[in-house]
1. Looking at the range 114-131, I want the residues that are over 25 Å from Glu97 (Cα atoms) and open to solvent by 20 Å² or more (accessible area, probe 1.4 Å) and have a partner that is hydroxyl-bearing (Ser, Thr, Tyr) and not in a loop (DSSP other than H, G, I, E, B) with Cβ atoms under 8 Å, at least 6 apart or on another chain. Which pairs are those?
2. Which condition from (1) open to solvent by 80 Å² or more (accessible area, probe 1.4 Å); (2) within 22 Å of Ser161 (Cα to Cα); (3) assigned to a loop (DSSP other than H, G, I, E, B) is the one that Glu190 breaks?
3. For residues in the range 195-236 being among the β-branched types (Val, Ile, Thr) and out of contact with any Phe, Trp or Tyr (no Cβ under 8 Å at 6 or more places or on another chain), which is least open to solvent (accessible area, probe 1.4 Å)?
4. Would you confirm, using the coordinates I've provided, whether Gly44 is of a type outside the set (A, V, I, L, M), within 28 Å of Leu9 (Cβ to Cβ) and either at pLDDT below 95 or open to solvent by 30 Å² or more (accessible area, probe 1.4 Å) (or both)?
5. Among residues belonging to the range 196-223 that are in contact with a strand residue (DSSP E or B) (Cβ under 8 Å, 6 or more places away or on another chain) and assigned to a loop (DSSP other than H, G, I, E, B), point out the one that is farthest from Ile163 (Cα to Cα).
6. Checking the condition under 29 Å from Leu228 (Cα atoms), in contact with an Asp or Glu (Cβ under 8 Å, 6 or more places away or on another chain), assigned to a loop (DSSP other than H, G, I, E, B) and of a type in the set (Lys, Arg), which residue from Lys2, Lys57 passes?
7. Taking into account only those residues within the range 1-41 that are over 21 Å from Leu205 (Cα atoms) and of a type in the set (A, V, I, L, M, F, W, C), which is surrounded by the most Cβ atoms within 10 Å (Cβ to Cβ)?
8. Test each condition in (1) touching a residue at least 12 places away in the same chain (Cβ under 8 Å); (2) farther than 20 Å from Asp85 by Cα; (3) not polar (S, T, N, Q) for Leu18 and report the one that comes out false.
Amino acid sequence: MKKIDFKDLILFENEDYLVINKLPYLSTLSDRHEAQNILDLAKGYIPDAQVCHRLDKETSGCLAIAKHPEAYRHIAIQFEDRKVDKIYHAVVEGIHEYKDLLLDRNLLANNKGIAKVSKDGKPAQTVFNTVKTYFKHSLIECKPITGRLHQIRVHLAYLKSPICGDETYGGKPLYLSELKRRFNLKKDTEELPIMQRVSLHAFALKFTSIQGEPIYVEAPYPKDMQVLIKQLEKTA
């Protein structure tokens, strides 16, 4: 990955917080396999920066960063009290009409970092709403109430609407040839999926500032998700 200018990622900034649009394939915390990560980039911008929550490496979108310890404590309490609203957008297989569907299923994670629905797991709740349906796919808004490992991904798989590209949880990669009738691939070339990752984006984040004001930030889709939605629109 080419060198990232942290300033280019910033969507919102005040004296206490930053909200950035995390790029896909960029780790939130230090990763021995990668030269760059969000925490190090943030510390290069603000030395006392602390990441307030995590996004999976493949997931893009809104990520809050505290500029100093008091700001971190303030938002940490909001996360603990479930007062931070997180909204994700996912492209899933199949046509689904969800309206304020609350899925309440415990999740259990194994030592390999794979989660599953299990009565022995920890409580997990997600609210789902359909944003738009296409020919064979849907764009779903996901609001996690709890913050379990891979919660949205596992809950959508449980609803038989796995996320496109999420092969860990039963989602298949989505190819242009599936959407385009007269699709011709160049000879001796292998077709790649439109999105070469899990089709999940942290679309919006809402929390309260130290001064008690609401902070609401939306993150534009990254290029790969824009391309995917554009192709799906042609099938709507």
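1. Pairs that qualify, where the first residue is over 25 Å from Glu97 (Cα atoms) and open to solvent by 20 Å² or more (accessible area, probe 1.4 Å) and the partner is hydroxyl-bearing (Ser, Thr, Tyr) and not in a loop (DSSP other than H, G, I, E, B), are Ile114/Thr168.
2. It fails just one condition, (2).
3. In this case the residue turns out to be Val198.
4. Yes.
5. Taking the range 196-223 and keeping what is in contact with a strand residue (DSSP E or B) (Cβ under 8 Å, 6 or more places away or on another chain), we get 198-209, 214-222.
Pick out the ones that are also assigned to a loop (DSSP other than H, G, I, E, B) and you get 198-199, 209, 219-222.
On the way: Val198: 7, Ser199: 6, Ser209: 33, Ala219: 19, Pro220: 19, Tyr221: 16, Pro222: 17 Å.
Applying the filter and picking the extreme gives Ser209.
6. Answer to the check: Lys57.
7. Of the range 1-41, the ones over 21 Å from Leu205 (Cα atoms) are 1-5, 30-36, 40.
Filter again for of a type in the set (A, V, I, L, M, F, W, C), leaving 1, 4, 35.
Values: Met1: 10, Ile4: 14, Ala35: 8.
So the residue we want is Ile4.
8. (2)
The values are calculated or read from the model by the stated rules, or taken from the named source; none is laboratory data. Note that the structure is predicted; figures quoted are calculated from it, not measured. Counting neighbours? That spans all protein chains shown, and the Cβs are built from the backbone with ideal geometry, glycine included. These area figures cover heavy atoms from the full protein model, side chains too; ligands, DNA and RNA do not enter into them. Shrake-Rupley method; radii C 1.70, N 1.55, O 1.52, S 1.80 Å.
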